[in-house]
Each structure stands twice: as structure tokens, then as C-alpha cells.
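The values are calculated or read from the model by the stated rules, or taken from the named source; none is laboratory data. Just so it is clear, the model here is predicted, and its values are computed rather than measured. Positions of Cβ are generated from backbone atoms using ideal geometry, with glycine treated the same way; all protein chains shown enter the neighbour counts. In case anyone asks, the SASA skips ligands and DNA or RNA and just uses the protein heavy atoms, side chains included. Shrake-Rupley method; radii C 1.70, N 1.55, O 1.52, S 1.80 Å.
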Amino acid sequence: DDQIISHKLTEPLKKELENLKNKIQQKMTQKASIIRSKVELENLLDWVNLNNNYLQSKKFKNNYSQQLWELKNQFLIAKLMLKAALIRKESRGAHYRKNFPVKKSKWAQKYILFNRDRREGKIDVIK
């Protein structure tokens, strides 16, 4: 019955989620840390979206394990970080954009906030 809520993952699923956790940590460190490029950020965002959709699939529909929720949250945070990095078309602080090497005054004292519309599931960007 697919209405039963499971708090436990099978050992193969635990290993699969652990591998995904290691991959996202590695990819974010390699492509979204100090030195960034548009292409690498976009490719990583595509990968994050693909795997985030997988984590939302029927395979995990009624599973509420801590490991799964933590990984879903990691993918959400990665998605928001990547979107923000793509929106900010400049180098600022410790973050260097290969395709935008100069700090831009229009971004001084500005923040990127994400506003989620729970009814539609959209995320709006407020600069």
C-alpha cells in the first residue's frame, strides 16, 4: 500500500543517497565555490535539478527518513546558491566569476532573496 509512511530506507537506498550526498558536496566545492563560470554553474544547476526531481519521484514519495530530508534540503540550498550565483553577474568578495571579473557598483549593498509561492511552487527573485 503506497499510503504507508516509511521512516527507514533499505541499505541499497541508503548507499545511493550517501553517494548523491558525496557527489553534490564535491560538485559544489569544485564548480560553485571561489572561482566560477557561467557554463559550469549552468551545467551544475542542470545536474542539481535532475537529481532533485529524482529525489521528489515516486520512489521516495512516502519516505520521511532523516537522511532523505537532509539530502533534499542540500539540493534545495544548492539550487538557490547556483541561481543566485548566476544572477549576480560580477566578481565580489571571495567569489570570482571568470566571465565577469570586475566588481560592479550596481551590486553594492544588494542582496538576492528568494520568495517561494507555496500555492504555485514558484520561486521569485527579489534583488
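Out of all the residues in the stretch 66-97, which are modelled with pLDDT under 90 and β-branched (V, I, T)?
I87, the sole residue that qualifies.
Within the stretch 98-116, can one find any residue that is modelled with pLDDT of 85 or more and open to solvent by less than 30 Å² (accessible area, probe 1.4 Å)? It would help to see each step written out before you state the result.
First, the residues of the stretch 98-116 that are modelled with pLDDT of 85 or more: none.
No, there is no match, as no residue in the stretch 98-116 is modelled with pLDDT of 85 or more and open to solvent by less than 30 Å² (accessible area, probe 1.4 Å).
Would you confirm whether any residue within the stretch 4-19 is touching a helix residue (DSSP H, G or I) at 6+ places or on another chain (Cβ under 7 Å), at pLDDT 90 or above and among the polar types (S, T, N, Q)?
No, that holds for no residue.
When both residues are 6+ apart or on different chains and their Cβ atoms are under 9 Å apart, which pairs have a first residue that lies in the stretch 75-87 and is within 16 Å of N53 (Cβ to Cβ), and a second that is charged (D, E, K, R) and surrounded by 16 or more Cβ atoms within 10 Å (Cβ to Cβ)?
Sorted first by the residue in the stretch 75-87, then by its partner, the pairs are A78/K27; L82/K31.
Select from the stretch 26-70 the residues that are under 22 Å from T10 (Cβ atoms), open to solvent by less than 90 Å² (accessible area, probe 1.4 Å) and among the hydrophobic types (A, V, I, L, M, F, W, C) and write down the one among them that is farthest from the chain's Cα centre (by Cα). Working first, answer last.
Taking the stretch 26-70 as the starting set, the residues that turn out to be under 22 Å from T10 (Cβ atoms) are 51-70.
From what is left, the residues that are open to solvent by less than 90 Å² (accessible area, probe 1.4 Å) are 51-52, 54-55, 57, 60, 62-63, 65, 67-68.
With among the hydrophobic types (A, V, I, L, M, F, W, C) added as a condition, the list becomes 55, 60, 68.
Details: L55: 12, F60: 18, L68: 15 Å.
Among residues in the stretch 26-70 that are under 22 Å from T10 (Cβ atoms), open to solvent by less than 90 Å² (accessible area, probe 1.4 Å) and among the hydrophobic types (A, V, I, L, M, F, W, C), the one farthest from the chain's Cα centre (by Cα) is F60.
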